[in-house]
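Below: the structure, in structure tokens.
Where a number appears in this text, it was derived from the coordinates with a stated rule and is not lab data. Given the structure is predicted, the values throughout are model-derived calculations rather than measurements. Positions of Cβ are backbone-derived with ideal geometry, glycine not excepted, and every protein chain shown enters the neighbour counts.
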């Protein structure tokens with residue numbers, strides 16, 4: 001099954017010789033040829049646990065995540081102080097900043113125009129995943 | 001000693017839906033079959049409301065609405081993708097995995113020490129839940145049949161914490177004595193009746209039967225079940241899928257089809273899909289069986305017909321298959337009936353490269369292959385069904401296509417259907 005743009009093929013670029021050997025004179029680059037940078041490997045460390053999610057809103061712009069961006073969310077990561085997370089607060093899913101204050105966790109917006117985030121102290125909070133990257137294609141790909 | 005595990009998703013289709021919508025947690029959820037026919041997956045809350053496996057949608061629709069049951073059409077693109085992820089996780093734990101179905105896999109745990117098995121199973125369950133959001137149960141035993149039974153016990157007894165290990169003989173004896181024979185994998189209604197007639201009631205009774213009369217009554221398959229229940233492994237792990245021997249594409253129509261043009265269109269579409277499936281495995285066929293029939297539930301005139309069209313040589317070329325299939329339709333078409341289902345079937349598949357060529361009238365394989373490669377590449381790039389033969393019709397305009405009216409977005413496979421999370 002092909003996933004969206006982040007994994008087009010599971011092909012790994014195979015380094016080719018710099019020039020066909022039959023040219024007679026081998027290229028000096030042959031011993032230094034490297035694999036091209038693979039965008040997928042750059043953005044995704046743990047494929048089975050990684051999901052792409054679209055951002056709707058501006059509450060976390062100061063964490064560099066804007067309305068319409070694609071967030072790369074890894075469910076296998078444990079949130080660290082300052083991480084951007086996808087979190088369910090009493091069944092409502094949203095992006096929040098994860099802050100550790102002593103042993104307590106505080107969830108926050110990342111936009112000074114928003115008041116401090118408050119929730120019912122008895123609310124059930126579940127982390128859905130940690131934002132490990134983001135993608136912002138500017139020229140719309142057709143698929 | 002062999003040790004196998006059977007891991008499967010709990011209410012798998014429903015659990016996949018729950019991953020992407022937090023409001024579905026702890027509420028009754030059901031997923032319907034093709035054409036929104038009947039309930040094929042139910043959460044425990046939905047089961048508690050009395051919705052049974054296979055209940056027709058039209059019968060339970062009002063009840064679902066009244067009781068706040070969330071209903072979904074099957075979202076196979078989503079479930080298939082989630083299944084791939086789960087199997088990737090199994091493979092990171094264990095080298096030998098057999099994908100038995102979309103939500104069940106057998107794992108070979110033979111190399112692991114007995115002491116570590118419960119911890120391994122718990123670790124696997126919690127990793128799958130954490131990484132994909134899908135809850136699972138793990139059944140462990142010395143044979144596939146016992147692993148499957150253990151899995152059933154883990155599901156039926158929440159106190160087991162999702163893991164049941166039947167490796168220990170005493171524990172096995174206890175559970176087999178308590179469980180009814182209906183729960184054994186491979187014992188269907190006919191066999192159940194035969195075994196009950198022979199005096200069996202529990203799984204332990206079946207295990208203790210003399211295999212020879214069972215072999216007479218239920219063939220070698222039945223005999224194997226007895227040995228497997230005794231801890232003797234007869235069914236090995238298939239980590240490599242056997243070569244496909246047959247391939248079919250059949251669909252019930254969303255609405256009855258009464259005219260030739262529409263039926264041809266449907267058959268052409270199925271034949272195109274058949275070509276795709278054959279090319280994926282480099283197999284070919286030298287014949288196509290085309291069938292279509294009316295629904296026995298309708299009161300209009302009944303008709304069921306099928307015809308075999310032979311080809312000069314084995315092929316997996318979509319255009320050749322479509323041409324043959326539509327010719328077959330025209331050959332046996334009759335007006336005056338309201339058809340409910342149609343399909344194309346092939347058997348005796350052969351690896352295309354090794355197949356015998358026709359002396360006369362053979363296909364131009366080189367040219368065909370180039371065209372098919374282009375076709376498949378376009379469909380991979382722009383999505384299934386992006387390019388189809390003209391006879392198959394323009395997808396959005398097809399009146400007969402399978403209905404999936406309440407399908408959730410294809411969260412993992414379409415960029416325009418990604419899950420949206422609020423930052424508001």
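A few notes on this one:
- Exposure proxy order (Cβ contacts within 10 Å, fewest to most) of B:406, B:1, B:53: B:1, B:53, B:406
- Take each residue of peptide B:128-134, count the partner chain Cβ atoms within 10 Å of its Cβ, and average: the result is 4.
- Working from label points 7 Å from Cα in the Cα-to-Cβ sense, the residue A:78 to residue B:243 distance is 5.1 nm.
- Globularity ratio of the stretch B:262-367, using Cα Rg and 2.2 N^0.38 Å: 1.16
- Pairwise FRET efficiency - residue B:398 versus residue B:219, Cβ, R0 = 35 Å, nearest 0.05: 0.20
- Look at the stretch A:48-58: the mean tally of other chain Cβ atoms within 10 Å of its residues' Cβ atoms is 6.
- Taking only Cα atoms of the stretch A:42-114, radius of gyration then Dmax in Å: 12.5, 36
- Centre separation in Å (Cα based) which lies between the stretch B:27-84 and the stretch B:387-424: 20
- Residues B:279, B:212 arranged by fewest to most Cβ contacts within 10 Å: B:212, B:279
- The tail of the calculated P(r) for the stretch B:31-171 beyond 27 Å holds 32 percent of all Cα-Cα pairs.
- In the distance distribution for the stretch A:24-71, Cα-Cα pairs more than 18 Å apart total 58 percent.
- Rounded FRET efficiency, nearest 0.05, which uses the C-beta distance separating residue B:67 from residue B:92 and R0 of 41 Å: 0.50
- Values of log10 I(q)/I(0), in the order q = 0.08, 0.10, 0.21 Å⁻¹, for the stretch B:144-282 under a Debye, Cα-only, solvent-free model: -0.39, -0.56, -1.18
- For the stretch B:15-113, the fraction of C-alpha pairs more than 19 angstrom apart is 51%.
- Restricting the calculation to Cα atoms, the stretch B:86-164 yields a radius of gyration followed by a Dmax of 11.6, 30 Å.
- Placing a pseudo-label 7 Å from each Cα along the Cα-to-Cβ vector at residue A:140 and residue B:277 gives an inter-label distance of 3.5 nm.
- Cα-projected label distance for residue B:295 with residue A:106, points at 7 Å along beta-carbon direction, nm: 6.1
- On Cα atoms only, tilt of B:211-229 relative to the major axis of chain B in degrees: 70
- The angle between the Cα long axis of helix B:76-93 and the longest principal axis of the Cα atoms of chain B comes to about 40 degrees, rounded to the nearest 10.
- Gyration tensor verdict on the stretch B:209-254 (Cα atoms; rounded if a/c is under 1.5, prolate if a/b is larger than b/c, oblate otherwise): prolate
- Ranked list, fewest to most other Cβ atoms within 10 Å of each Cβ, for A:66, A:81: A:81, A:66
- Size of the stretch B:320-400 as Cα extents on the principal axes (Å, biggest first): 43, 34, 20
- Range of Cα positions in the protein assembly as shown per principal axis (Å), largest first: 77, 73, 65
- The alpha carbon radius of gyration of the stretch B:50-106, expressed as a multiple of 2.2 N^0.38 Å, is 1.61.
- Distance between the stretch B:94-154 and the stretch A:47-88 - C-alpha centres, whole angstrom: 31
- Tilt relative to chain B, helix B:365-382 - C-alpha long axis, 0 to 90 degrees, to 10: 60
- The Rg/Rh ratio for chain B is 1.00, where Rg is the radius of gyration of the alpha carbons and Rh is the Kirkwood radius.
- Theoretical FRET efficiency, 1/(1+(r/R0)^6), r = Cβ-Cβ of residue B:234 and residue B:169, R0 22 Å, to 0.05: 0.75
- Of the residues B:332, B:322, B:388, the one that moves most in a GNM of chain B with alpha-carbon contacts below 10 Å is B:332.
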